[in-house]
Number of protein chains: 2
Amino acid sequence: MARWEPNTRERLIRAAVELFAEQGYEATTVNEIAERAGGLTKTTFFRHFTDKREVLFAGQEIHSRIMAEAIAEAPESATTLEMVGLALDGLASSFTEDRREIGRRLRAVIANSAELQERSAFKRAALSESMAQALRTRGVSELVADLAAELGVRAFYGAFDRWTSAADPRTLDAYTREVFGELKTALSVLG
Amino acid sequence: MARWEPNTRERLIRAAVELFAEQGYEATTVNEIAERAGGLTKTTFFRHFTDKREVLFAGQEIHSRIMAEAIAEAPESATTLEMVGLALDGLASSFTEDRREIGRRLRAVIANSAELQERSAFKRAALSESMAQALRTRGVSELVADLAAELGVRAFYGAFDRWTSAADPRTLDAYTREVFGELKTALSVLG
DNA sequence: TACGGTGACGTTACCAAGTCACATCACTTC
DNA sequence: GAAGTGATGTGACTTGGTAACGTCACCGTA
C-alpha cells in the first residue's frame, strides 16, 4: 500500500476545474480544492502551484518550447512566416482531441474571472515573447520577429477559440491553418 | 480648516510610487502607503483603488477613450492605418514632459514585479481591444481591426519605452511617429 | 535484517490583501 | 439649528500565501 494516492498534481487540477466550474473561481477556496483532491491541505496545494491561478495554466511553458523548437529546426530556406507556420503546426499537433472539452470548460471559467484573464494575458505575452526570441535567433530582425510572433500567437488563440466552440471533428491543426491564412490576408489588406 | 487634506487620491499615488521605488512593490504594505500619504488607513486606500496594483494603473481608461475618440473623429477618407496614426497622435499629445520622469520610475518598478507585469499586460490588452472596437465601428473588418489595433498599441508602448529611456528633448509624439513608421516597414517586410 | 536517507505530505502559526458593518464629524442645506 | 452627506477611521473577519517543523512509507545499502 502506498502511503498516498498517486498523481496528486493531476487530482488537484481536476478538483480545481470542477469547483471553479461549479461555484466560480473567486468563490472557491484553496482549502476546498485540496480537500476535494483527496483530503489534502492548503500547504500541499502550494507545493505544486505557486498560485491559486496557476493551477489552470500550469505546464504551459511547454508550449513555448514546442514553438521554439519548431522554429529552430525549420529549414534554412524558410521565410519568417513559414517558420511561424511550422511553429503553429508543431503546437497544434500536440493537442489531442480529449483536450478539447477541457479547453472548453477552461475558457468558460476564465471568462468569468478578471484575475484569471490577467494571468491569461500574461501567459499569452510570454508565449509571444519566446516565439519572437526564437525567430531572432534565426536571424529575423527585432521588430519583424515581434510582429510575426504576435501574428502566430494570435492565430493560435483564435484557432483554439474556434476549436473549442465548434462541434465538428476537425483537428486543431486545421483551425490554426485557417486562422493563420485569414490573418495573412488581413495583413496584406492592412499593408 | 478642512477636516482632511485634499487630493487624497493623488497623495496615495505619490506615496505608493515612492515606497515601491524605495523598497520594491512586494515589500511595501498597503498600510505603509496609506500612512505615508498623510496618516491614512488601509480602508481609505481601498476606497480609492480596487487593488494594491491598481494604484499604479489608475486612470488608464482615459487612454482608451482618447484613442477611440480620435478614431471616431477621423475623416471619412482615412485608411485604417491613418486612423491608427491619428489615435497615436491624440494619445501621445496628452503626455506632457513632466510625465516622463514619472514614467521612467514607473517602468523600473513594474520591471521588478511579476504581479505588476501581469496587470500591465492586461491593461495593454484592454487598450488594444478598445482601439479595435473603435476601428470596427468605422467599418474595418474584425481581423484587420485587431491587427491594426495591435500595431498601434505596440507603437505606443515602444515609443513610451524610448521616450522614458532617452534624455533628449523630443516629445513623445515624435517617438510614436518614429516607431509607428518602423512598424509599418516591418509589416511590409513580413507581407 | 537493520538502518539511515529522502520525498511527499500534515500541523501550526503567521503576515498581508481585501471586505464589511458601524462610528465619527466637518460641512452643507433647508 | 436640525437633519443630512461624504470622506474618513475602527475593528473584526476571510483567505491567499509563506515558513518552520514534524511524520512516516519507501528505498538503498551494509
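Structure above, values below:
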read-out	value
Total residues in the range B:149-190, condition closer than 17 Å to A:Glu150 by Cα, within 18 Å of the chain's Cα centre (by Cα) and not β-branched (Val, Ile, Thr)	10
Matching residues, the range B:103-126, being open to solvent by less than 10 Å² (accessible area, probe 1.4 Å) and either in a helix (DSSP H, G or I) or within 28 Å of A:Ala186 (Cβ to Cβ) (or both)	B:Gly103, B:Leu116
Unique match (being closer than 20 Å to B:Ser128 by Cα and at the interface with another protein chain (Cβ under 8 Å from one of its Cβ atoms)) among B:Ala159, B:Ala148	B:Ala148
Matching residues in the range A:25-77 - criterion: being among the small types (Gly, Ala, Ser) and near DNA strand D (Cβ under 9 Å from one of its atoms)	A:Ala27
Residue satisfying condition, being open to solvent by 40 Å² or more (accessible area, probe 1.4 Å) and touching a helix residue (DSSP H, G or I) at 6+ places or on another chain (Cβ under 6 Å), within set A:Leu151, A:Leu143	A:Leu143
One residue from B:Leu135, B:Leu143, B:Leu147 being in a helix (DSSP H, G or I), over 19 Å from B:Thr176 (Cβ atoms) and either assigned by TED's automatic domain parsing to the domain that holds B:Glu26 or of a type outside the set (Gly, Ala, Ser) (or both)	B:Leu143
Single residue of B:Asp161, B:Asp168 found to be part of a helix (DSSP H, G or I) and open to solvent by 10 Å² or more (accessible area, probe 1.4 Å)	B:Asp161
Filter pass, A:Arg136 being free of Cβ contacts under 8 Å to residues at least 40 places away in the same chain, more than 11 Å from chain B (Cβ to nearest Cβ), of a type in the set (D, E, K, R) and within 24 Å of A:Glu69 (Cα to Cα)	yes
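The values are calculated or read from the model by the stated rules, or taken from the named source; none is laboratory data. In this text the structure is predicted, and so the values were computed from the model without any measurement. Every residue, glycine as well, gets a Cβ built from its backbone with ideal geometry; the counts of neighbours run over all protein chains shown. All accessible areas refer to the heavy atoms of the entire protein, side chains included, with ligands and DNA or RNA removed. Shrake-Rupley method; radii C 1.70, N 1.55, O 1.52, S 1.80 Å.
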